[in-house]
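Q: A single structure is presented below for examination.
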Amino acid sequence: MLKTRNSCTGTIAYRCWLLIIMALLVSLPATLPAAVLAHDASNDGAYDDAFPQWDDGDNGGFGFTAWTLSPFPGTANAGFFTGDAGQNGTGGSSGGAINATDGDAWGLYANGGGLAVAYRGFDFNSDATLDALPVGGAFYILMDNGWNDANVGFVLRSGNDTGNKNGGQRLEFRHTAGGNYLINDNSGDVDTGVGWTADGLSLVLTLTGTDAYSMSITPIGGMTTVIQGNLGGSGAINSFALYNENAGSGQNYDLFFNNVSVQDDASSSAVPEPGVIVLLIGGLLLAVHGRRSRPPISVVAALRGS
Ligand SMILES: [Ca+2]
Ligand SMILES: [Ca+2]
Ligand SMILES: [Ca+2]
Ligand SMILES: [Ca+2]
């Protein structure tokens, strides 16, 4: 009768198994923070040139395609600039917390029936083709609207249709005159319960499934509201459109954004908790101690949790 042979039998078995366990521990993935796939803010050098500073074709930061601004150059009824987000909404003294370190944010104005839309795609690897927000990943942006007689907000989209802000729409966040902030998803308009503010909002959209999202809405200095739902439309989220649709005339009606970012999934690169590792080591030692005559497959089984 043939006897099973392997390299971990005999008097050196214990030391041999310990070496295997150490090798397994070394091979555990390292702790990695969530990767920032794309980021830009109004203090980038792309927005420090001549008025209006924020220009069609600007491409500050990284991980995005260049901006398409419409209309550009701006008209009396719609356009773009950089400015102090503390100057809208309450006669010139609202919160300016979303300003970058150089004291400004991206601004959009629209009145007299005008519409200003800033389009941008995700291009994490800079190959000029759009890249998808991964499941588990998140889109971050700061928004500060002032007085509003119509609609202001942004749209997360599939494809970067620069002729229609709602083209490829998967989710829209907006403020409509006289109401709370709304999310438009596959169920239509969802009232977030968050009321108008001219002091700015921090917004995070996390893709929790191919068609599912969780959105955190935090008025600057206030409580966070979380809304969960399903996306409308179809296709990967790979672009966004910021818009001011006829909010009104004058600086009190200006709309601002800043600090737009995309991050991947923090949990996908997480390592087991220390307690889990201790249990894993303990389990392996027990398995080795009690089953030293077994072939190495028993260790693989132990790792699989059997
Ligand atoms: Ca600036
Ligand atoms: Ca510029
Ligand atoms: Ca403000
Ligand atoms: Ca790309």
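Q: Quick check on this structure: which one of Gly146, Gly137 is at pLDDT 95 or above, within 16 Å of ligand 4 (Cβ to nearest atom) and touching a Leu at 6+ places or on another chain (Cβ under 9 Å)?
A: Working: Gly146 fails: within 16 Å of ligand 4 (Cβ to nearest atom).
None of the others qualify; the one that does is Gly137.
Q: Condition first: surrounded by fewer than 18 Cβ atoms within 10 Å (Cβ to Cβ) and within 16 Å of ligand 4 (Cβ to nearest atom). Now tell me which residues in region 106-128 satisfy that.
A: Asn125, Ser126, Asp127, Ala128, listed by residue number.
Q: Please enumerate the residues belonging to region 41-70 that are near ligand 2 (Cβ under 9 Å from one of its atoms) and among the hydroxyl-bearing types (Ser, Thr, Tyr).
A: Matches in region 41-70: Tyr47 only.
Q: Could you tell me which of the residues Asp144, Asp131 is in contact with a helix residue (DSSP H, G or I) (Cβ under 9 Å, 6 or more places away or on another chain) and either crowded, with 24+ Cβ neighbours inside 10 Å or in contact (Cβ under 8 Å) with a residue 60 or more places away in the chain (or both)?
A: Only one candidate qualifies: Asp144.
Q: Looking only at residues that are within 16 Å of ligand 1 (Cβ to nearest atom) and of a type in the set (D, E, K, R) in region 86-145, which one is nearest to Met215 (Cα to Cα)? Quick ask: steps written out before the conclusion?
A: First, the residues of region 86-145 that are within 16 Å of ligand 1 (Cβ to nearest atom): 86-87, 96-108, 118, 142, 144.
In the following step, the residues that additionally are of a type in the set (D, E, K, R) were identified as 102, 104, 144.
Values: Asp102: 28, Asp104: 26, Asp144: 17 Å.
It comes out as Asp144.
Q: Cβ-Cβ under 6 Å, sequence separation 6+ or interchain: first residue in region 43-56 and on the phi < 0 side of the Ramachandran plot and part of a loop (DSSP other than H, G, I, E, B), partner within 16 Å of ligand 3 (Cβ to nearest atom) and of a type in the set (S, T, N, Q). Which pairs?
A: Every condition considered, the pairs that remain are Trp54/Thr82.
Q: Of a type in the set (Asp, Glu) and within 16 Å of ligand 3 (Cβ to nearest atom): does that describe Asp84?
A: Considered against the rule, which asks whether it is of a type in the set (Asp, Glu) and within 16 Å of ligand 3 (Cβ to nearest atom), Asp84 comes out as yes.
Q: Restricting to region 68-105, name every residue that is over 19 Å from Gly248 (Cβ atoms) and either aliphatic (A, V, I, L, M) or within 16 Å of ligand 4 (Cβ to nearest atom) (or both).
A: Of everything in region 68-105, those that are over 19 Å from Gly248 (Cβ atoms) and either aliphatic (A, V, I, L, M) or within 16 Å of ligand 4 (Cβ to nearest atom) (or both) turn out to be Leu69, Ala97, Ile98, Ala100.
Q: Within region 71-102, how many residues turn out to be farther than 14 Å from Tyr47 by Cβ, within 16 Å of ligand 2 (Cβ to nearest atom) and either not in a loop (DSSP other than H, G, I, E, B) or not assigned by TED's automatic domain parsing to the domain that holds Asn258 (or both)?
A: Residues that pass the stated criteria total 1.
Q: Free of Cβ contacts under 8 Å to residues at least 40 places away in the same chain, under 21 Å from Gly60 (Cβ atoms) and in a loop (DSSP other than H, G, I, E, B): which single residue out of Asn164, Asn160, Asn125 fits that description?
A: Details: Asn164 fails: under 21 Å from Gly60 (Cβ atoms); Asn160 fails: free of Cβ contacts under 8 Å to residues at least 40 places away in the same chain.
Sole residue among the options that is free of Cβ contacts under 8 Å to residues at least 40 places away in the same chain, under 21 Å from Gly60 (Cβ atoms) and in a loop (DSSP other than H, G, I, E, B): Asn125.
Q: Out of Gly233, Gly193, report the one residue that is assigned to a loop (DSSP other than H, G, I, E, B), under 26 Å from Ala66 (Cβ atoms) and in contact with a strand residue (DSSP E or B) (Cβ under 7 Å, 6 or more places away or on another chain).
A: Exactly one of Gly233, Gly193 is assigned to a loop (DSSP other than H, G, I, E, B), under 26 Å from Ala66 (Cβ atoms) and in contact with a strand residue (DSSP E or B) (Cβ under 7 Å, 6 or more places away or on another chain), namely Gly233.
Q: For Tyr213, indicate whether it is away from ligand 3 (no atom under 16 Å from the Cβ), of a type outside the set (S, T, N, Q) and under 21 Å from the mean Cα position of the chain (by Cα). Step through it out loud before you land on a result.
A: Working: away from ligand 3 (no atom under 16 Å from the Cβ): yes; of a type outside the set (S, T, N, Q): yes; under 21 Å from the mean Cα position of the chain (by Cα): yes.
So Tyr213 fits the description; yes.
Q: Return a yes/no flag: does region 186-196 have any residue that is buried (at least 22 other Cβ atoms within 10 Å of the Cβ) and assigned by TED's automatic domain parsing to the domain that holds Ile237. Full working, then the answer.
A: Looking only at region 186-196, we keep the residues that are buried (at least 22 other Cβ atoms within 10 Å of the Cβ), and these are none.
No, region 186-196 contains no residue that is buried (at least 22 other Cβ atoms within 10 Å of the Cβ) and assigned by TED's automatic domain parsing to the domain that holds Ile237.
Q: Confirm whether Phe72 is more than 16 Å from ligand 3 (Cβ to nearest atom) and aromatic (Phe, Trp, Tyr). Don't jump to the end; show me each part of the working.
A: On the way: more than 16 Å from ligand 3 (Cβ to nearest atom): yes; aromatic (Phe, Trp, Tyr): yes.
Spelling it out, Phe72 is indeed more than 16 Å from ligand 3 (Cβ to nearest atom) and aromatic (Phe, Trp, Tyr).
The values are calculated or read from the model by the stated rules, or taken from the named source; none is laboratory data. Nothing here was measured: the structure is a model prediction, and the numbers come from that model. Ideal geometry is used to build each Cβ from the backbone, glycine not excepted, and the neighbour counts take in all protein chains shown.
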